Amino acid sequence: MKLSNKQLRRWLALSLPINLVAGPLVSLSQAADAGDQVPLVLKLPPPAFKGTPKDLQLSSYVEPLSDKPRPPMMVPNGLKNIAKDSKLSSSDKNATASTLEKIIDGDKEASDQSIIFLRKGPQWVQMDFGAPKELFAIVIWHAHNTAKVYHDVIVQLSDDPDFLKDVRTIFNNDQDNSSGLGVGTDREYFETFEGKLINAKGEKARFIRFYCKGSTESALNEYTEIEVYGR
């Protein structure tokens, strides 16, 4: 007996195990969740430079500098920048609380007044949200006044303030492990007015650490602003 396409689909649905039939229903639920997502809107400072110096020595794993706008990241609706309510600390004990607060004051301009400087060598800045938060997008602006590439940019999450356990790395471009936190697989990049946008993928954590080890311009570690979008 020859079955029509409609009859064949009905026969397959009745014959398949229930867990297989439920598969498309899960996908539909996920699709509904995806429908609640919106583009992440960022307030960007004006660009401070165009092009790259010809004499800049770069490694082979530096991302080429793009002249096109970055595609927007899709995130759940209703997120806010929770960085501005966080408590900051640093491996550089010379960095005072008032100095570190400039990282979350909303000033992303390329001027020297907007930048904080940390000591040479691997240094970190840490955010404490007071309780675990669901994190979706992180934007880091190092100093973007000239074309430069920062080294050993690493972002880690944890619920331990000393980062001795439950440490998760969501970005690491230290490809030779010179900072001792593991070999990174992400690429180095040019610092620009857009900042570095990192997808945190809904990870939950109370603490974030941002590592860096100088740039192609200076051995000092420079930060302008950090934003963290979560709930």
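According to the calculation over all Cα-Cα pairs in the stretch 52-210, the P(r) per 5 Å bin from zero is 1, 8, 16, 20, 23, 18, 10, 3, 1, 0 %. Across the stretch 145-151, coupling constants 3J(HN,Hα) worked out from phi with the 6.51/-1.76/1.60 Karplus curve, θ = phi - 60°, read 6, 9, 6, 8, 10, 8, 9 Hz, and Gly and Pro carry x. With no solvent and one equal point scatterer per Cα, compute the Debye intensity ratio I(q)/I(0) for the stretch 118-231 at 0.12 Å⁻¹ and report its log10, rounded to two decimals. Per q value, in the given order, log10 I(q)/I(0) is -0.39. Across the stretch 176-185, computed HN-Hα scalar couplings (Karplus, 6.51 cos²θ - 1.76 cosθ + 1.60, θ = phi - 60°) run 10, 6, 6, 8, x, 10, x, 6, x, 10 Hz from first to last residue, x flagging Gly and Pro. Ligands, DNA and RNA left out, the 1.4 Å accessible surface of the stretch 123-201 is 46% carbon and sulfur atoms. Per residue, the average separation of C-alpha pairs within less than 8 Å and at least 6 apart gives the stretch 29-185 a relative contact order of 19 percent. Based on the Stokes-Einstein relation at 10 °C and a viscosity of 1.306 mPa s, and on the Kirkwood radius from alpha carbon pairs, the stretch 161-200 is assigned a translational diffusion coefficient of 133 µm²/s. Here the Karplus relation 6.51 cos²θ - 1.76 cosθ + 1.60, evaluated at θ = phi - 60°, turns the backbone of the stretch 40-45 into coupling constants of 6, 9, 10, 8, 9, x Hz, with x for every Gly and Pro.
Stokes-Einstein diffusion of the stretch 60-150 at 25 °C, 0.890 mPa s viscosity, Kirkwood radius from Cα pairs, rounded to a whole number: 156 µm²/s.
The values are calculated or read from the model by the stated rules, or taken from the named source; none is laboratory data. Nothing here was measured: the structure is a model prediction, and the numbers come from that model. The area values use the complete protein model at the heavy-atom level, side chains included, leaving out ligands, DNA and RNA. Shrake-Rupley method; radii C 1.70, N 1.55, O 1.52, S 1.80 Å.
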